[in-house]
Amino acid sequence: MSPERPGPAVPFRCADAARERQDPLLGTAPVTGTYLLIEHSGPWRFDALAGAGWSPEVTARLTAAVRATRSRLLLIRRPGRRSRRASRHWAVVRVGIGTRWGRWHEESDLARAADALEAARDGDGDWSPEPVLLVCAHGVHDACCAIRGRPVAAALAERWPAASWESSHVGGDRFAANLVVLPDGTYYGGIDVGDAAQVVGDHLTGRVDVTHLRGSVRWPPVAQVAVAEIHRRRGPCAADDVRATSWESLGSGRWQVRVTGPGAGQHTVEVVAATRPAAVLTCMASRPTTATGYRVDRVRSVTD
């Protein structure tokens, strides 16, 4: 009897490994106050902006506007078949305020998007409060984002076709599928097709899902964790019902965060930050690296 041949090696998938390790989601949303979204059908290179195929002048103009405003630029596209229609969208999103949409035909039109991003600092004009749902599907950046993200984006598009988009890299590949809800700036991770509609439906009706919550881009990691703890204790409630008002280092990785809500509730949350064991955190990583984890140590509350 001839020996059995070994089967093909199973490729490493960072999202599978993170779930097996039970990597904590909370405190992993990247902090920003403004987004620039530009519709681009792809393909998306690892560096989505540099690989978009636009002239160096256009790329430099967009990069300068993003840096000047400390914003985050994401390429977006509709789930499913790729359309190369002449008219495409761009949007400036002010977190916690709303979205302003525009259209572009030629790459030179994107100068208006850069202008709008810079003008958004003044806060003038009309801003749409309608939700924008971004699911990271940037497969060249990390395979897990495509494997897990694209089916989730397609599922959401069936129910919310106008709001749903695939996006380029949003951060936290190992938490795929990653979902960003704008304009309130909430990050969710570990989303599967079976629970995607429930998570979004709950969020849009004022019920933050703490199980999948990564945090809000409005606050630094320790404040994200503190806000999530009040959601857990006092919820379900909407994203805007709970806010961090201040955060102060107490030394030795310990932080004190003051949180308001829901209602007139006032809370002081002590959060401890600690380095987690080194692990391979992305599919393309060449070696293990460390990440910071957080735990809530104490909560003191003043009743409404």
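A few points about this structure:
- Filtering the range 250-258 for residues that are closer than 18 Å to residue 298 by Cα, among the hydroxyl-bearing types (Ser, Thr, Tyr) and either under 21 Å from the mean Cα position of the chain (by Cα) or in a loop (DSSP other than H, G, I, E, B) (or both) leaves a non-empty set.
- Options 135, 181: the member that is within 30 Å of residue 246 (Cβ to Cβ), under 10 Å from the mean Cα position of the chain (by Cα) and in a strand (DSSP E or B): 181
Here's the yes/no breakdown for (1) modelled with pLDDT of 95 or more; (2) surrounded by fewer than 24 Cβ atoms within 10 Å (Cβ to Cβ); (3) farther than 23 Å from residue 101 by Cβ; (4) in contact with a strand residue (DSSP E or B) (Cβ under 7 Å, 6 or more places away or on another chain):
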{"site": "131", "(1), (2), (3), (4)": "yes, yes, no, yes"}
{"site": "134", "(1), (2), (3), (4)": "yes, no, no, yes"}
{"site": "148", "(1), (2), (3), (4)": "yes, no, yes, no"}
{"site": "153", "(1), (2), (3), (4)": "yes, no, no, yes"}
{"site": "160", "(1), (2), (3), (4)": "yes, yes, no, yes"}
{"site": "166", "(1), (2), (3), (4)": "yes, no, no, yes"}
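- Candidate set: the range 185-208, residues that are in contact with a Phe, Trp or Tyr (Cβ under 7 Å, 6 or more places away or on another chain) and in a loop (DSSP other than H, G, I, E, B); chosen: the one surrounded by the fewest Cβ atoms within 10 Å (Cβ to Cβ): 190
- Pairing each residue of the range 84-95 that is of a type in the set (D, E, K, R) with any residue that is at pLDDT 95 or above and not in a loop (DSSP other than H, G, I, E, B), provided the two are 6+ apart or on different chains, yields C-beta distances under 6 Å for 88/39; 88/104; 94/34.
- For the range 89-103, the count of residues that are part of a loop (DSSP other than H, G, I, E, B), crowded, with 16+ Cβ neighbours inside 10 Å, charged (D, E, K, R) and at pLDDT 95 or above is zero.
- Answer residue from the range 260-303, given it is among the hydroxyl-bearing types (Ser, Thr, Tyr) and surrounded by 14 or more Cβ atoms within 10 Å (Cβ to Cβ) and is nearest to residue 16 (Cα to Cα) among those: 282
The values are calculated or read from the model by the stated rules, or taken from the named source; none is laboratory data. What you see is a predicted model; the values in this text were computed from it and never measured. FYI the Cβ positions are ideal-geometry reconstructions off the backbone, even for glycines, and counts take in every protein chain you see.
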